[in-house]
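Only the coordinates and a few stated rules stand behind these numbers; no lab work does. Keep in mind that what you see is a predicted model, and the values were worked out from it rather than measured. FYI the Cβ positions are ideal-geometry reconstructions off the backbone, even for glycines, and counts take in every protein chain you see.
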Amino acid sequence: MSEKKYHVIVTVGTSILRNTSSEDTERACSDPKSQKCLEFLVKKLNFDPSKVSAEVNSMRTYLNEKERKIASVTLLASDTDEGKVCAEALRSFFEDREIKAEVMVVEKLGKAFEVGTSNLMDAIAKAVATARKEGLEIILNLTGGYKAESAIAYVSALLLSVDKVLYIHETLRVPVELPALPLSIKGEELDRLSRLTELNPYCKDWLEAGFNVREIEDLVDKGLVEMDGGKCKVRDIVKEILKIYES
């Protein structure tokens, strides 16, 4: 089986500027649009990527150079000078590691909330469509940016059925993978899940009932079913969703 390759859609915040904050930063980035500022941030980022960039920190398990899991990234920047320079610094970081990187400035994001967040949803959809055409699995890294924008990005990801969602846990300060439960469940999946809820919560019983391993793994990957040892169980939230569909 071929190794999975990922396209990562990254909401870019300004952690690079915050985490390099010093008198040197103030001098170098008094004008965030300047080449001097960009070069300063790239240097700081390359020196200690996970410490300087929250976005890189949340992706660190996927950045193993031997495995090369990430094929490409889309960097969604706010429509501000600070957001743009941080995105450009990240582009340089990824390209130096032979990862294709594109900066997409989201018009009005960071300036006008309703228009900006609507444009953010469209930008995510565009990036997802492009990655799917290339046959890549899709990760949304929503560590960067404000919480309200992250929430909207998360819902967009679920509606678009992305494969994984990454975030930095604010208390533990470690990367976590958020549940990527699809908000739309296909007809064949509804039928399969309805049948599974009638069975005992054991994988062997599911297999004996005619379900194959790949079908079960597919439901687990989508967050619809959980596996624990020999137990297989339709998630409680999915059971409640099924009741709504069946009513």
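How about the stretch 17-53: which GluC sites (Glu not before Pro) there lie in a loop by DSSP and see at most 16 other Cβ atoms within 10 Å?
none
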For the stretch 69-75, what does the Karplus curve 6.51 cos²θ - 1.76 cosθ + 1.60, with θ = phi - 60°, yield as ³J(HN,Hα) per residue in whole Hz, taken in order and with x for Gly and Pro? 6, 8, 8, 7, 9, 10, 9
The value for the stretch 195-247 (convex hull of the alpha-carbon atoms, volume per residue, Å³) is 76 Å³
Quick one: which residues, 5+ away or cross-chain, put their amide H under 5 Å from the amide H of residue 9? H built at 1.01 Å from N. 74, 139, 140, 141
In the stretch 155-247, which GluC sites (Glu not before Pro) are in a loop and have at most 15 other Cβ atoms within 10 Å, using DSSP for the loop call? 170, 198
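Just how large is the dipole of the stretch 176-223 about the Cα centre, in debye to the nearest 20, putting +1 at every Lys and Arg Cβ and -1 at every Asp and Glu Cβ?
Its charge dipole is roughly 40 debye.
Mean separation of Cα pairs under 8 Å and 6+ residues apart, divided by the residue count of the stretch 6-178: what relative contact order is that in percent?
Here the relative contact order equals 28 percent.
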Expected output is a single nm value to one decimal: the length gained when fully extending between residue 5 and residue 126, i.e. 0.36 nm times separation in residues minus the C-alpha distance. What is it? 41.7 nm
Using Cβ counts within 10 Å as a stand-in for footprinting exposure, how do 58, 156, 34 rank, fewest first? 34, 156, 58
Rounded to the nearest 10 degrees, the helix 187-197 long axis (Cα) sits at an angle to the longest Cα principal axis of the chain of 60 degrees
log₁₀ I(q)/I(0) of the stretch 6-178 at q = 0.09, 0.19 Å⁻¹, via Debye over equal Cα point scatterers, no solvent, to two decimals? -0.27, -1.29
Beyond 29 Å (Cα-Cα) in this structure, taken from 126/164; 33/100; 33/69; 133/243; 36/164, we find 33/69; 133/243; 36/164
Between helix 113-133 and the chain: long-axis angle, C-alpha atoms, 0 to 90°, nearest 10: 70 degrees
Efficiency by 1/(1 + (r/R0)^6): what FRET value for residue 31 and residue 113, r their Cβ-Cβ distance, R0 = 25 Å, to the nearest 0.05? 0.45
Put +1 on the Cβ of each Lys and Arg and -1 on the Cβ of each Asp and Glu in the stretch 6-178; which of 138, 127, 86 then has its Cα farthest toward the positive end of the dipole? 138
Additional length obtainable on full extension of the chain from residue 199 to residue 244, 0.36 nm per residue less Cα span: 14.2 nm
Residues 73, 238 arranged by fewest to most Cβ contacts within 10 Å: 238, 73
